[in-house]
Amino acid sequence: MTISNIILCALLCIVALSSSVNASIVECPAPSAMLEAMNAESDERRRIAQQAIECHLYLAESTITGAGLGIFSAVEKRPGDKVGHGDVCIPVIDLYWHNYNLEPNPLKDYFWAGKAMGMHTETATEDKEAYCPGLDCAINCHLGLINVGKSTPQYDADVGDSSTPYHNGTTEVTRYIPAGGELFKFYGDSWFVSRERVFGKIPLSGSYDIAMKILKALRRLPFDDSLHEAIFVLIHKINTGPFESRQLNAFPPTWQQVKDAMEINDLASWQQPQHTRSVDWLKENGRCIDHIRPGISEIAGRGAFATRFLPSDTIITTSPLHHFPDSNAMKLYNITLYDGDWIRLVDEVVGQQLLVNYCFGHHESTLLLCPYGSGVNYINHSREPNVRIQWATTFVTAHNHDIVTQGTIESFKDKKPLVAFDYVAIRDIQEGEELFIDYGDSWQQAWEDHQRNNKTPDSSLLAVKYNALVEDTPLRTVEEQQHDPYPSNLQMRCHKVLVYGKQKKGLDFRRYLWQVTDYGESCRVLERFEEEGVIWYTIEVEVWDARKDEDRTKQEAESPADTVTQLIRTDVPWSAIRFFDVPQTTPVYAQDAFRHYIEIPDDLFPKQWRNLIQTNAS
């Protein structure tokens, strides 16, 4: 039993023993006046207030000590509202396989689980990460004040091999945010538990509810306020050393603040003022980041567009930069089986990470700088740009200009972002106009060579299209596939309900709804039969560990966990079966896929960073 549970039980026992005492203990009052005022405010007043403020989103110093930058809303937001315009997610695959010594990894704390973003088939290994360099890279996490949620991105099969197919990852409000409030997303409790040496015993998502129960029990005790405070101080003293508790760390630091928390019946709401900045402060000290929205480009794929009129020299947005001192970290090597083990052949480079296309570099340096910011990764290339980049010298919260003027490649050994770019309007830009930057001469030449020597990737047989093509066609059995096989780049998989759930015959399609995060299990069709005009299948599902469910035989349940088990399921509808791409067969990681960094203009790139010149000279 934890120390917080012991305290809670003790307080509840005291309440029970003291029930005969005639004490006027008032229950915690209704939700705060702040929330009541929010609910009473008219939509018209809210609309007018939003129109009066040009910028709705700001990048500024986080209210969490030591957290660096954060994202703030300049207007109030309610559950269901959208924040930003949706951002891209870039699959990063087998990063540690191809880089044995990539430490520190500058993206480690910014990755989202690739599986959760629908990236199952980008690689056959478990090392698949999603780098979402928009709002997701800058929104911090406060487990008591989670106010926005992350959605899975949409998949576009027609983007080719030079852009990520994962786009429009939207951010939706889940909790009321006052004007000036910082945005917080849920990283997961495990993110903080695994970093306890850094953050200590920080309260987790469930800690605040337990802490509130303890405080309510304390307030019910039939004692005067001074004794309540004395007990509270004692609890604080207990909460040290080996007895430190995440739940007790959720307590406010003073008794007066505890009483304030009781007034609003929510520890997190009590903390909201600490994580809210004035809009005037944001205008003075932050950077507006909602001048850009994505849309269909006038040249190809998706692009970035101005959300409002932007006069010449406007700083459209500012992007901090993740850095890779050695661009070799982006290389993908050939692998082979040698003496029973898979090894990489370091002299056989077969490609590069897609991330390269979204990073800035210079032909005289190994340094790569990868921007993260709302909308910037949608900005396309043009030889007649209307946007340029510059060092963010006036935004010291994100940019250390000493690194530019004095630093060397060695300065980038730390994984923390050190420098940032401003994106600046070269001329007046009209609302709705597409934004372009010049990717540089070397990029232009590489793109022309690629277009001349390579064919446009064929997306017609990608799984997302093939499923729509054959959804009304009976599935072929194993025997039929011997003379009429499915495309070799596709694999058949069956819904997890067939493995984990109790089998039930019937057309209950809700049981087989495929979510973006679903990958199912490998399977094949053994038999197809028809009953009352409905086609059913008998399938064989392949699983890698022992499953214990009511439909399995004793022999199946006792199979070793590290062996393959074949489960037979019958009366299976089409909806329980789906095609997926075979890992690493999509255009994203084709060996002839286009890869080239965006060139940093020569007049911006410091001489002391040009380590390739120094290497060649020596």
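Counting only residues that are in a helix (DSSP H, G or I) and of a type in the set (Ser, Thr, Tyr), which one in region 200-236 is farthest from residue 186 (Cα to Cα)?
It comes out as 226.
On the given criteria, is residue 257 out of contact with any Asp or Glu (no Cβ under 9 Å at 6 or more places or on another chain), closer than 15 Å to residue 218 by Cα and of a type in the set (S, T, N, Q)?
yes
For residue 337, only one of the following conditions fails: (1) touching a residue at least 40 places away in the same chain (Cβ under 8 Å); (2) over 27 Å from residue 159 (Cα atoms). What is its number?
Going through the list (1) touching a residue at least 40 places away in the same chain (Cβ under 8 Å); (2) over 27 Å from residue 159 (Cα atoms), residue 337 breaks only (1).
What do you reckon, is residue 70 at pLDDT 90 or above and either in a loop (DSSP other than H, G, I, E, B) or surrounded by fewer than 22 Cβ atoms within 10 Å (Cβ to Cβ) (or both)?
It is false that residue 70 is at pLDDT 90 or above and either in a loop (DSSP other than H, G, I, E, B) or surrounded by fewer than 22 Cβ atoms within 10 Å (Cβ to Cβ) (or both).
Could you tell me how many of the residues in region 187-222 are without any contact (Cβ under 8 Å) to a residue 12 or more places away in the chain and among the hydrophobic types (A, V, I, L, M, F, W, C)?
The total comes to 3.
For residue 129, which of the numbered conditions (1) farther than 15 Å from residue 329 by Cβ; (2) not in a loop (DSSP other than H, G, I, E, B) fails to hold?
(1)
(1) assigned to a loop (DSSP other than H, G, I, E, B); (2) free of Cβ contacts under 8 Å to residues at least 12 places away in the same chain: which one isn't true of residue 242, the others all being true?
(1)
Being out of contact with any helix residue (DSSP H, G or I) (no Cβ under 8 Å at 6 or more places or on another chain) and outside any loop (DSSP other than H, G, I, E, B) is the filter here, so list the residues in region 336-348 that pass it. Quick ask: steps written out before the conclusion?
Initial filter on region 336-348 (out of contact with any helix residue (DSSP H, G or I) (no Cβ under 8 Å at 6 or more places or on another chain)): 336-343, 345-348.
Residues satisfying the conditions are 336, 337, 338, 341, 342, 343, 345, 346, 347, 348.
Of everything in region 157-204, what is more than 26 Å from residue 293 (Cβ to Cβ) and among the polar types (S, T, N, Q)? Give them in sequence order.
Answer for region 157-204, where residues must be more than 26 Å from residue 293 (Cβ to Cβ) and among the polar types (S, T, N, Q): 190, 194.
Let me confirm something: among 460, 411, which residue is more than 30 Å from residue 290 (Cβ to Cβ) and either of a type outside the set (Ser, Thr, Tyr) or part of a loop (DSSP other than H, G, I, E, B) (or both)?
Sole residue among the options that is more than 30 Å from residue 290 (Cβ to Cβ) and either of a type outside the set (Ser, Thr, Tyr) or part of a loop (DSSP other than H, G, I, E, B) (or both): 460.
Please specify each residue of region 144-185 satisfying the condition of being in contact with a strand residue (DSSP E or B) (Cβ under 6 Å, 6 or more places away or on another chain), in contact (Cβ under 8 Å) with a residue 40 or more places away in the chain, of a type in the set (Ser, Thr, Tyr) and more than 21 Å from residue 456 (Cβ to Cβ).
170, 171, 174
I need the full set of residues from region 366-401 which are in a strand (DSSP E or B) and either small (Gly, Ala, Ser) or within 25 Å of the chain's Cα centre (by Cα) (or both), in order please.
Matches in region 366-401: 368, 369, 370, 371, 380.
Name the single residue, out of those in region 560-603 being over 18 Å from residue 91 (Cβ atoms), out of contact with any strand residue (DSSP E or B) (no Cβ under 9 Å at 6 or more places or on another chain) and not polar (S, T, N, Q), that is surrounded by the fewest Cβ atoms within 10 Å (Cβ to Cβ).
For region 560-603, the residue satisfying everything is 603.
Specify which of the listed residues (387, 404, 419) is touching a residue at least 60 places away in the same chain (Cβ under 8 Å) and within 22 Å of residue 131 (Cα to Cα).
Selected residue: 419, the only one of 387, 404, 419 that is touching a residue at least 60 places away in the same chain (Cβ under 8 Å) and within 22 Å of residue 131 (Cα to Cα).
Out of region 214-253, which residues are surrounded by fewer than 15 Cβ atoms within 10 Å (Cβ to Cβ), under 21 Å from residue 144 (Cα atoms) and at pLDDT 80 or above?
244
Restricting attention to region 487-521, report how many residues are modelled with pLDDT of 95 or more, touching a Lys or Arg at 6+ places or on another chain (Cβ under 7 Å) and not charged (D, E, K, R).
The number of residues fulfilling the criteria is 1.
The values are calculated or read from the model by the stated rules, or taken from the named source; none is laboratory data. Just so it is clear, the model here is predicted, and its values are computed rather than measured. When we count neighbours, we look across all protein chains shown, and the Cβ atoms used for this are built from the backbone with ideal geometry, even at glycine.
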